[in-house]
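Reading through the structure tokens given below for one structure.
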Amino acid sequence: MKILQFFRKRASANAARERLQVLLAHERASISGVDIVSVLREEILTVIGKHVQIDGRRVNIRMDRGMRVSTLGVDIEIPFDPGMRAA
Amino acid sequence: MGKVIVVTSGKGGVGKTTSTAAIGAALAQAGQRVVIMDFDVGLRNLDLVMGAERRVVYDLINVIEGEAPLAQALIRDKQLENLFLLPASQTRDKDKLTPEGVEKVISALKKVFDWVICDSPAGIERGAILAMRNADAAIIVTNPEVSSVRDSDRIIGLLDTKTVKAEQGERLEKHLLINRYDAARAADGDMLNVDDVVDILSIPLLGIIPESVNILRASNIGSPVTLCESESGIARAFFDSARRLVGETVPIIVPEEKRGFFGKFFGRKAA
């Protein structure tokens, strides 16, 4: 029990350090320049919107920020419409 | 020409005002001529922490507006004749605090004092920016806790862009003051340790101030902890920090407040 407690405690400061390192790496980048995620989001939606009609409520954008790699997931639902322009 | 220091943090409640009082007093106790300035318009507290709340007649905004000469607004400390306080206004409009007005007051103070220490309000708004604007150096007060460290990082970014020094392409000296440190909890892995915080913020360490009951005693009676509890561990930590600020090389030790018998016993065991 004591050993378990010891490891649980170890984890809390380590977790704090790791979370801060990831968060601050991104905040430093976005505050000093532009917020790259919001720019990407706007531009991606504009480009796709030129070719297909998008329902703003059916767009799901996720950002996962990691130490070395971040991923941007864009999930856009394109409604089936026979009269729609071909993409 | 005196040196202008801003004591800042971003986050509120981390100990800016008590640190301003303690470091200001420590410098004055070492014979320096010191003025501490409160920038928290509407929520001033430096007067209370210094025990000068009943002697405030004029404030910073009165001076800026030309309603009082600077010399009349300065309040001399009860115990230290070379320590002065310039209070913030409790009632006036924050917008009366202008960059030009602040600069005029600070440049006048620099001619008379060795140290002009500006106690910043929390946040990153106008008051905080004005407090840092004319600084030659900054003391960033940080608690070993995630939200305080994040806000300190943000403040460091602002110090590098929003100060006169930064605008002139000069480097602003930055000093990290880790406040409310509990060495036993850090050793347990339950609190960010000094190396973690220094590593994340990557600015030089000015001092480590231990969590202490004495700081509450000090503010209760309205006297800086370096004066009223000068033998305590926390006062020693502030004296050492003040000496480093002056440029002395003082080895950094992880301070601990005196504990009772059981506290000592368990503290050692945990470390």
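The values are calculated or read from the model by the stated rules, or taken from the named source; none is laboratory data. Fair warning: this is a prediction, and the values are worked out from it, not measured in the lab. Ideal geometry is used to build each Cβ from the backbone, glycine not excepted, and the neighbour counts take in all protein chains shown.
B:S202 fulfils the conditions (1) within 11 Å of chain A (Cβ to nearest Cβ); (2) on the phi < 0 side of the Ramachandran plot except for a single criterion, (2). Residues in the range A:41-57 that are surrounded by fewer than 14 Cβ atoms within 10 Å (Cβ to Cβ) and at pLDDT 80 or above: A:E43, A:T46, A:V47, A:G49, A:K50, A:H51, A:Q53. Scanning the range A:3-13 for residues that are of a type outside the set (K, R), more than 20 Å from the chain's Cα centre (by Cα), modelled with pLDDT of 80 or more and under 30 Å from B:Y181 (Cα atoms) turns up at least one hit. As a summary of the residue check, B:K3 satisfies the conditions (1) out of contact with any helix residue (DSSP H, G or I) (no Cβ under 6 Å at 6 or more places or on another chain); (2) modelled with pLDDT under 95 except for the one numbered (2). Residue-level check: of (1) crowded, with 16+ Cβ neighbours inside 10 Å; (2) in contact with a Lys or Arg (Cβ under 9 Å, 6 or more places away or on another chain), B:G42 misses just (1).
Pull up the range B:168-206, narrow it to residues that are of a type in the set (K, R) and closer than 24 Å to B:R236 by Cβ, then point me to the one that is farthest from the chain's Cα centre (by Cα).
Step one: filter the range B:168-206 for residues of a type in the set (K, R), giving B:171, B:174, B:180, B:185.
Still in the running and closer than 24 Å to B:R236 by Cβ: B:174, B:180, B:185.
Working: B:K174: 13, B:R180: 14, B:R185: 24 Å.
Going through the qualifying residues, I end up with B:R185.
Reported count of residues in the range B:2-53, each being part of a loop (DSSP other than H, G, I, E, B), touching a residue at least 40 places away in the same chain (Cβ under 8 Å) and out of contact with any Phe, Trp or Tyr (no Cβ under 7 Å at 6 or more places or on another chain), is 18. When residues in the range B:101-152 are screened for being within 14 Å of another protein chain (Cβ to nearest Cβ), polar (S, T, N, Q) and buried (at least 20 other Cβ atoms within 10 Å of the Cβ), 4 of them pass.
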